[in-house]
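Working notes for the structure below.
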Amino acid sequence: MEKKDKKNVRVRFAPSPTGLFHVGSARTALFNYLYAKKNKGKVILRIEDTDRERSVKEYEEDIMRSIEWLGLGWDEGPFRQSEREEIYKKYVMDLLESKKAYYCFCNKERLEEMRNEQREKKEPPRYDGKCFSLTKEKREEKINKGEQFTIRLKISEEDVVEFDDLIRGPVKFNARDIGGDFVIAKGDFSVLYNFACVIDDYEMQITHVIRGEDHISNTPKQILIQKALDFPSSEFAHIALTLGTDKSKLSKRHGAVSISEYREKGYLPEALVNFIALLGWHPGGENEIYGLGELIEKFSLSDCQKSGAVFDIKKLDYMNGCYIRKMSTEDLAVRCIPYLADAGFIKVGFKENRYPPAYGGVRPEANYYTTDEGEIHFPKIVQIVSLYQERIKFLSEVKDLLDYFFKDELEFEKELLFWKDAGEGETEKNIDKCIEIVSSIEKWEKVAIEEVFLHEANKEKDRGRLLWPLRVALTGKKASAGPFDVAWVLGPEKTLKRLKMAKNRLKTE
Ligand code: GLU
């Protein structure tokens, strides 16, 4: 059970910038965020870059950009461990002073030998504490000689470390099993992850440590460090890992990619947040679609599952589709614009007095758009996008689907215009019929266009004879939005032009 007292909740999200920001990290960030916001607490962003060789600035930027894009944000930070070394050193010195930590001069060879012996005796591998008993003189002599050392925390092997995990319940570790006195700092006093983590959690007054289950083996070490320093213990919650649909370790093969890749593909941040929140947590009931506000309201660590959560990309696609259908077409068009621009269909220009950057510069009324044929007004883009709102799963699909609206000339084989066994002659006749129909329509409205065309097409045994060449002439494709809708969006002039172009194409070789 979660404890009742949740005053001044402070959580931290502590990624290591050693790779692109992935679903697993995003979930940890989200659960921390939800828990903090639910309890009116604060989220602290801490970049754990103590591993200098593997930490990369671009990854740090990717982490922050992705968190912001997901709409989560943080209240304090970013703090970087690489900028806090003096703080850690002070605590290491305190521990050395109070003899709770000591210098260890054992070299690799000795440690290796010791481990081999333990293995032979079928004992668990652990440091035997040899250097703890070094005299002050001996220690100073070794330091003066320039011998390499590490700093180890003195632990009592009889100790039992227990904590009440907010997700998993009571957890118990025997200190004996964690490998004896463990290293907290290297010879240059640069500290290792577990130590930096404990100091930061204390200094940043973190009340709840919510992180992936892969860190559970670090927790006893961290509790022992907290004890040695007389720090209060934090609450811990370890979130079960995420697995692929085949229950194996989650990877690209399961469609799990970095958050920036999802963004590029055109998943909506709100859909992704919804999907990620349900990886290992569910508020109960049938509903699967939750906005961020609802997630905050309903979130609870005790509802998180203990066993691995299954990542199913099909579910993400489904959810993204739900969000796409739910939003206004104007909003969808705004979100599709970067993709249309990226595909080269439109260019985005900014008007003089556009909205301030806080609006992201994409307020439709603030921009103007051009195609190869000149300016295209925002409402026209809305019309185009509206034809696909029911069918796309993610936004980048518009790059392949909408091309024909932005081209002057379509490329296709003339045979594509033939419906079943219809040859050139019959197809030409039907295209002429289409031209006649289009010219006869007085009010260019969706319903009117459909009505007139269907009326004519229904006179045929097979409606495709008229409607197939219409579709191909207007789109150059076998599959597209409905031909009446396409005609409606193209407008009467362009529709006529395309029909005439198709007719001319029949005359080519
Ligand atoms: N830096 C660790 C990671 O990225 C997280 C450590 C923690 O949350 O305590 O996996």
_Single condition ASP201 does not satisfy, out of (1) buried (at least 17 other Cβ atoms within 10 Å of the Cβ); (2) not in a helix (DSSP H, G or I)_ = (2)
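Here's a check for you: in region 100-156, which residue that is among the aliphatic types (A, V, I, L, M) and either under 18 Å from VAL191 (Cα atoms) or touching a Ser or Thr at 6+ places or on another chain (Cβ under 9 Å) (or both) is surrounded by the most Cβ atoms within 10 Å (Cβ to Cβ)? Show your work before the answer.
Going through region 100-156, the residues among the aliphatic types (A, V, I, L, M) turn out to be 101, 111, 114, 134, 143, 151, 153, 155.
If we keep only those that are either under 18 Å from VAL191 (Cα atoms) or touching a Ser or Thr at 6+ places or on another chain (Cβ under 9 Å) (or both) as well, we get 101, 151, 153, 155.
Details: ALA101: 26, ILE151: 23, LEU153: 23, ILE155: 24.
For region 100-156, the residue satisfying everything is ALA101.
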*asked:* List the residue pairs whose Cβ atoms are under 8 Å apart, where the first residue sits in region 24-48 and is farther than 27 Å from GLU85 by Cα, the second is within 14 Å of the ligand (Cβ to nearest atom) and modelled with pLDDT under 95, and the two are 6 or more positions apart or on different chains.
replied: GLY24/LEU241; GLY24/THR242; ARG27/THR242
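Of everything in region 165-192, what is part of a loop (DSSP other than H, G, I, E, B) and in contact (Cβ under 8 Å) with a residue 60 or more places away in the chain? Give them in sequence order.
Filtering region 165-192 down to residues part of a loop (DSSP other than H, G, I, E, B) leaves 166-168, 179-182, 186-190, 192.
Answer for region 165-192, where residues must be part of a loop (DSSP other than H, G, I, E, B) and in contact (Cβ under 8 Å) with a residue 60 or more places away in the chain: LEU166, ILE167, ARG168, ASP181, PHE189, SER190, LEU192.
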*Among the strands (runs of 3 or more DSSP E) lying completely within region 1-84, list those that include at least 2 residues that are among the hydrophobic types (A, V, I, L, M, F, W, C).*
10-13, 42-47
*asked:* Return the residues of region 49-61 that are surrounded by 20 or more Cβ atoms within 10 Å (Cβ to Cβ) and either free of Cβ contacts under 8 Å to residues at least 40 places away in the same chain or among the acidic types (Asp, Glu) (or both); say none if nothing qualifies.
replied: ASP49
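Restricting attention to region 242-264, does a residue exist that is in a helix (DSSP H, G or I), at pLDDT 95 or above and of a type in the set (S, T, N, Q)? Before the answer, list the steps.
Going through region 242-264, the residues in a helix (DSSP H, G or I) turn out to be 252-254, 259-264.
Add one more test, that the residue is at pLDDT 95 or above, and what stays is 259-264.
With of a type in the set (S, T, N, Q) added as a condition, the list becomes 260.
Checked against the condition, which is being in a helix (DSSP H, G or I), at pLDDT 95 or above and of a type in the set (S, T, N, Q), region 242-264 yields at least one hit.
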*asked:* Scan region 94-104 and tell me whether some residue there is at pLDDT 95 or above, at positive phi, more than 16 Å from the ligand (Cβ to nearest atom) and charged (D, E, K, R).
replied: yes
*Do we have GLY41 as small (Gly, Ala, Ser), more than 13 Å from the ligand (Cβ to nearest atom) and either surrounded by fewer than 21 Cβ atoms within 10 Å (Cβ to Cβ) or within 30 Å of ALA101 (Cα to Cα) (or both) here?*
yes
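Kindly indicate whether ILE206 is in contact (Cβ under 8 Å) with a residue 60 or more places away in the chain and within 30 Å of MET93 (Cβ to Cβ).
Working: in contact (Cβ under 8 Å) with a residue 60 or more places away in the chain: yes; within 30 Å of MET93 (Cβ to Cβ): yes.
It is true that ILE206 is in contact (Cβ under 8 Å) with a residue 60 or more places away in the chain and within 30 Å of MET93 (Cβ to Cβ).
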*Where residues in region 269-288 are of a type in the set (D, E, K, R) and surrounded by fewer than 15 Cβ atoms within 10 Å (Cβ to Cβ), which of them is nearest to LEU72 (Cα to Cα)?*
GLU288
*Only residues that are within 9 Å of the ligand (Cβ to nearest atom), closer than 17 Å to ILE155 by Cβ and in contact with a strand residue (DSSP E or B) (Cβ under 8 Å, 6 or more places away or on another chain): list them for region 180-218, please.*
ASN194
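The values are calculated or read from the model by the stated rules, or taken from the named source; none is laboratory data. None of these values were measured; they are calculated from a predicted model. Virtual Cβ from ideal backbone geometry, glycine too; neighbours counted across all protein chains shown.
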